[in-house]
1. State whether one or more residues within the range 135-158 are touching a strand residue (DSSP E or B) at 6+ places or on another chain (Cβ under 6 Å) and part of a strand (DSSP E or B).
2. Among (1) within 21 Å of residue 167 (Cα to Cα); (2) buried (at least 20 other Cβ atoms within 10 Å of the Cβ); (3) in contact with a helix residue (DSSP H, G or I) (Cβ under 7 Å, 6 or more places away or on another chain), where does residue 121 come up short?
3. Just to be sure, is residue 196 at pLDDT 95 or above and either at negative phi or within 22 Å of the chain's Cα centre (by Cα) (or both)?
4. Within the range 220-242, work out how many residues are free of Cβ contacts under 8 Å to residues at least 40 places away in the same chain and surrounded by fewer than 21 Cβ atoms within 10 Å (Cβ to Cβ).
5. For the range 91-115, name all the residues that are surrounded by fewer than 24 Cβ atoms within 10 Å (Cβ to Cβ) and in contact with a helix residue (DSSP H, G or I) (Cβ under 8 Å, 6 or more places away or on another chain).
């Protein structure tokens, strides 16, 4: 009898859950769509969004839009956490990570790539011209060179000077906030309601040589499902990887949560996991999310995260994200 009761309870819960998801899905379909739209992390996302918007409105497609958008940031030596001019690892070497994903869940990624200014474009070619998702290190470099990418020194004089200063104390605390941020993650939805995403970074300054964060990992730094929405992350990659953060945000949106609710739930989960850890004092994570109707959100663990929005009404809008801890 007890087993029968438990079975009936579980069946009822399963039925309720399924009907709730169907109800939420129907509700999502009834919401007025706000598309096309682009969101990206941090203030350097403003220039990146403008370029992506130009490409998107020219009819060249969402994939090219996100690629060309984040390339603006990769090429800017004043952005110290992406591409050219990025902070090096503790050995003084700039290593880059990037990934890209399209509406059909095709994706490409490169990790630990050196001497190539635009890892996002290499990641796209991994997606389109190899049977793999990810290439790393020398293999990624050899592939890039074989495709005509030019090798160049990415360590600028200013970043080299900062590295030399850092070595005096060699204190590794990857503090990530509005003054010292990392990564650019970009999400776009086109006029057809199709989603695209890109993420690129030089990773945490002064990291161990060989370290790879969340940014090039599909499901951690970036994830999208064209039936539901997209999410991307910034912050301490180790914490984001441990929760498959971006994939979980998308899955929560699938279950009916708004982009803001989904981001909050995953930030809360990360907070709970790391609150007693040695990294807590400097831990920062943030997420951006965009659903199929163009509804968007940004949310972070600590104050200091902002993100950029571009659509028909807003071309240069920088938004201070809500946060859990002031």
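1. Checking the range 135-158: at least one residue is touching a strand residue (DSSP E or B) at 6+ places or on another chain (Cβ under 6 Å) and part of a strand (DSSP E or B).
2. Here residue 121 meets the rest and fails (1).
3. Values: at pLDDT 95 or above: yes; either at negative phi or within 22 Å of the chain's Cα centre (by Cα) (or both): yes.
So residue 196 fits the description; yes.
4. Filtering the range 220-242 down to residues free of Cβ contacts under 8 Å to residues at least 40 places away in the same chain leaves 220, 237, 241-242.
Those still in the list that are surrounded by fewer than 21 Cβ atoms within 10 Å (Cβ to Cβ) too: 241-242.
Selection size over the range 220-242: 2.
5. Hits for the range 91-115 are 92, 94, 102, 103, 106, 107, 112, 114, 115.
Conditions tested, residue by residue: (1) surrounded by 16 or more Cβ atoms within 10 Å (Cβ to Cβ); (2) in contact with a strand residue (DSSP E or B) (Cβ under 9 Å, 6 or more places away or on another chain).
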position	(1), (2)
245	yes, yes
251	yes, yes
254	yes, yes
257	yes, no
267	yes, yes
273	no, no
276	no, no
280	no, no
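The values are calculated or read from the model by the stated rules, or taken from the named source; none is laboratory data. Bear in mind the structure is a predicted one, so any value in this text is a computation, not a measurement. Note that we place each Cβ from the backbone using ideal geometry, even for glycine, and neighbour counts take in every protein chain shown.
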